[in-house]
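Okay, so here's the structure we're looking at.
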Amino acid sequence: MDLIYEPWPWYVAGPLIALVMFVLLLVGKQFGMSSNLRTACAAVGAGKASEFFKFDWKAERWNLMVVLGAILGGFIASTYLSDNTVNINSEIAQQLSDDFNIKSAGQAYLPTEIFAVENLADPLNIAILLIGGLLVGFGARYAGGCTSGHAISGLSNLQLPSLIAVIGFFIGGLVMIHLLYPIIF
């Protein structure tokens, strides 16, 4: 059980990811999570409202199983294979506390100062979450995929647009956390 409870080392997890990507390349499939929203919308009939959703979604239903597996796997791992302790470097926890007034670092998976249910009563937090969700969705579609699709599938296919997108994701993350986050919060 210790093998399941502990994070796998890079020399095990990395080759497993590479093996999965190699198999996907062999069968002509690409991995990504954001495209599944389009597939799910097409499956429930959104093609009647928009041309964007008119495609053969059944050819992509395998990827919906990936999403279902990620959801079920996350639930099983957090419910049955975890003692719910959060391991974070004490220096990082202190920096989060000092810089952003996040005292829950090391005690919760997500900062309760931002994501606690009682914080949803604040209209500003709701607006930030909605705007953030729309920007992430728009960005994923505009970039032609999400971080997992570009960073895992696109880079393993040696696609230059994916490399550019991944560099953009990192730059955007740095700008957000160092420039915008202190202004918003």
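Where does the charge balance sit around Ala46 when Lys and Arg score +1, Asp and Glu -1, over other residues with C-beta under 12 Å from its C-beta? With Lys, Arg at +1 and Asp, Glu at -1, the net is +2.
Average accessible surface for the stretch 1-135: 74 Å² per residue, computed with a 1.4 Å probe over protein heavy atoms with every protein chain in place. Taking packing as the residue-averaged number of other Cβ atoms within 10 angstrom, the listed peptides 160-171, 3-14 run from highest to lowest as 160-171, 3-14. Each Cα pair under 8 Å and six or more residues apart adds its separation to the average, and for the stretch 73-185 the resulting relative contact order is 14 percent. One compactness figure for the stretch 1-125 is 1.44, namely its Cα radius of gyration divided by 2.2 N^0.38 Å.
Mean projected area of the Cα convex hull of the stretch 15-69, taken over all directions, amounts to 4.0 nm². Give the residues of the stretch 99-113 whose amide nitrogen is closer than 19 Å to a point set 7 Å from the Cα of Thr79 in the direction of its Cβ. Once the point is set 7 Å along Cα→Cβ of Thr79, 109 turn out to lie under 19 Å by backbone N, inside the stretch 99-113. Distance from a point 7 Å along Cα→Cβ of Asn87 to each backbone N in the stretch 1-21: keep the residues under 20 Å and list them by number. Counting only backbone N, you get 1-17.
Apolar share of the accessible surface for the stretch 28-139: 65 percent from carbon plus sulfur atoms, 1.4 Å probe. Taken as Cα centroids, the stretch 50-96 and the stretch 108-137 sit 18 Å apart, rounded to the nearest whole angstrom.
Cross-link partners for Lys48 among the lysines, with Cα-Cα distance under 21 Å and sequence neighbours closer than 8 places in the same chain left out: Lys58.
Please quote Rg/Rh for the stretch 87-185 to two decimal places, taking the Kirkwood radius as Rh and restricting both calculations to Cα atoms.
We get a ratio of 1.03 for the stretch 87-185.
Each peptide in 43-54, 137-148 receives the mean, over its residues, of other Cβ atoms within 10 Å, and ordering these scores from highest gives 137-148, 43-54. Here the dipole of the stretch 50-94 is about 220 debye; that uses its Cα centre as origin and unit charges on the Cβ of Lys and Arg (positive) and Asp and Glu (negative).
The values are calculated or read from the model by the stated rules, or taken from the named source; none is laboratory data. Owing to the predicted nature of the structure, the values given are computational and were not obtained by experimental measurement. Here the Cβ is made from the backbone with ideal geometry for all residues, glycine too, and neighbour counts use every protein chain on show. Heads up: the accessible areas ignore ligands, DNA and RNA and are worked out on the full protein's heavy atoms, side chains in. Shrake-Rupley method; radii C 1.70, N 1.55, O 1.52, S 1.80 Å.
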